[in-house]
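S.K.: Here it is: the structure, laid out below.
What follows draws every value from the coordinates through simple rules; no lab data is involved. Just so we're clear, the structure is a prediction, and the values are computed from it rather than from any experiment. Note that we place each Cβ from the backbone using ideal geometry, even for glycine, and neighbour counts take in every protein chain shown.
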Amino acid sequence: MSISIASIEMRGLSKALGDRLILDGVDVRLHCGECVALTGDNGCGKTTLLRCMAAQMRPTGGEVCWFGKNVIDAALKRRIGMVSHESRLDPHLTIRENLIFAGRMCSVSRPGLRADHWLDVCGMSARADHRPKQLSRGMCQRISIARSLIHEPEIVVLDEPFSGLDAFGTKWLHNLLRERTAGERTVVFSTHDPLCAESLAGRVLHLADGRLQEAGLAATARYSCPANEAA
């Protein structure tokens, strides 16, 4: 897939919650192979924007397209994976069962093997039979990230993915996101850490007053993420 193809495009996107206008005519094109960081103050609407981008929230106006098609096309939804600010794991299932269930929902071939693969990637194989309540917040976050990637989506949207992660988890996720964008996937993540945003992302977008501003290209030559320094 060519990098010239817009994997995500928002045109005149707006979203109102009650009397408050959260998003006000957002226009943006994100391309295959890009890693994009979304920054902004608390309460500015980053989560709302990402949820609209991932077709988990219906906009008030405008449209969202993936690969040139409106996201109302249900067949497109298996091409995206989203990590919410909360893990949202099923508390009644083990973490392995959570991964298997996610794999089956996305028609993954041999979901048990895929679950075992991602448990290994997460460093969580020894806790495969644990339920979410037996794990730390950071461990649940790692499983939530694995769940969103188990079907190898072409678009990955992450809402504050580094929240709750310790130094090991932060380094693990930083390296994982670099691997995800080494090919043709599009990765979008929100963060409050400008240093990590600029070191990991190829573009940084800033949300303020309901509109997106291009904050510039990443300055990877000038910065390194603290997670890398822990290597």
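S.K.: Quickly work out the residue 58-to-residue 137 label distance, labels modelled 7 Å from Cα along the C-beta direction, and quote it in nm with one decimal.
M.R.: 3.3 nm
S.K.: To continue, here is another question. Rounded, prolate or oblate: which fits region 38-174, taking a ≥ b ≥ c as square roots of the Cα gyration tensor eigenvalues, rounded meaning a/c under 1.5, else prolate when a/b beats b/c?
M.R.: Numbers: a/c = 2.18, a/b = 1.36, b/c = 1.60.
It comes out oblate by the Cα gyration axes.
S.K.: Counting each DSSP H run of 4 or more residues in the chain as -39500 (n - 2.57), what helix-only mean residue ellipticity at 222 nm follows after dividing by all residues, to the nearest 500 deg cm²/dmol? All intermediate terms of the calculation are to be shown ahead of the outcome.
M.R.: Numbers: 7 runs with 69 residues, N = 231.
When only DSSP H runs of four or more count, the value is -8500 deg cm²/dmol.
S.K.: How charged is the neighbourhood of residue 189? Take every other residue with its Cβ under 9 Å from the Cβ of residue 189, and add Lys/Arg as +1 and Asp/Glu as -1. Spell out each step's value before the answer.
M.R.: Details: positive: none; negative: 159, 160.
Here the charged neighbours net out to -2.
S.K.: Under the classification rounded if a/c is under 1.5, otherwise prolate if a/b is larger than b/c and oblate if not, where does region 81-127 fall, given a ≥ b ≥ c as square roots of the Cα gyration tensor eigenvalues? List each step's numbers first, then the result.
M.R.: On the way: a/c = 1.45, a/b = 1.09, b/c = 1.32.
In terms of gyration-tensor shape, rounded.
S.K.: Which net charge results for the neighbourhood of residue 86, defined as the other residues with beta-carbon distances under 15 angstrom from its beta-carbon, given Lys and Arg at +1 and Asp and Glu at -1? Please report the intermediate quantities before stating the final value.
M.R.: On the way: positive: 46, 51, 88, 133, 137, 142, 147; negative: 90, 159, 160.
That sum, taken over residues with Cβ under 15 Å, equals +4.
S.K.: Charges at C-beta only: +1 for Lys and Arg, -1 for Asp and Glu. How large is the resulting dipole of the chain about its Cα centre, in Debye rounded to 20? Spell out each step's value before the answer.
M.R.: Numbers: 29 positive and 26 negative charges, 125 e Å.
Charge dipole, the chain, about its Cα centre: 600 debye, nearest 20.
S.K.: Something else now. Applying the Karplus parametrisation 6.51 cos²θ - 1.76 cosθ + 1.60 with θ = phi - 60° to the phi angles of region 139-149, what ³J(HN,Hα) value in whole Hz is obtained for each residue in order, glycine and proline being reported as x?
M.R.: 5, 4, 5, 4, 5, 4, 5, 4, 4, 6, 10
S.K.: For region 134-185 and region 1-70, what is the centre-to-centre distance using only Cα atoms, to the nearest Å?
M.R.: Here the two parts' Cα centres lie 20 Å apart.
S.K.: Would you please classify the overall shape of the chain from the alpha carbon gyration tensor, given that a ≥ b ≥ c denote the square roots of the eigenvalues, rounded means a/c under 1.5, and beyond that prolate means a/b larger than b/c while oblate covers the rest? Spell out each step's value before the answer.
M.R.: Values: a/c = 1.59, a/b = 1.31, b/c = 1.21.
Since a/c reaches 1.5 and a/b is larger than b/c, the shape of the chain is classed as prolate.
S.K.: Which one of 62, 47, 80 is farthest out on the positive end of the charge dipole of region 1-82, using unit charges on Cβ (Lys, Arg +1; Asp, Glu -1) and the Cα centre as origin?
M.R.: 80
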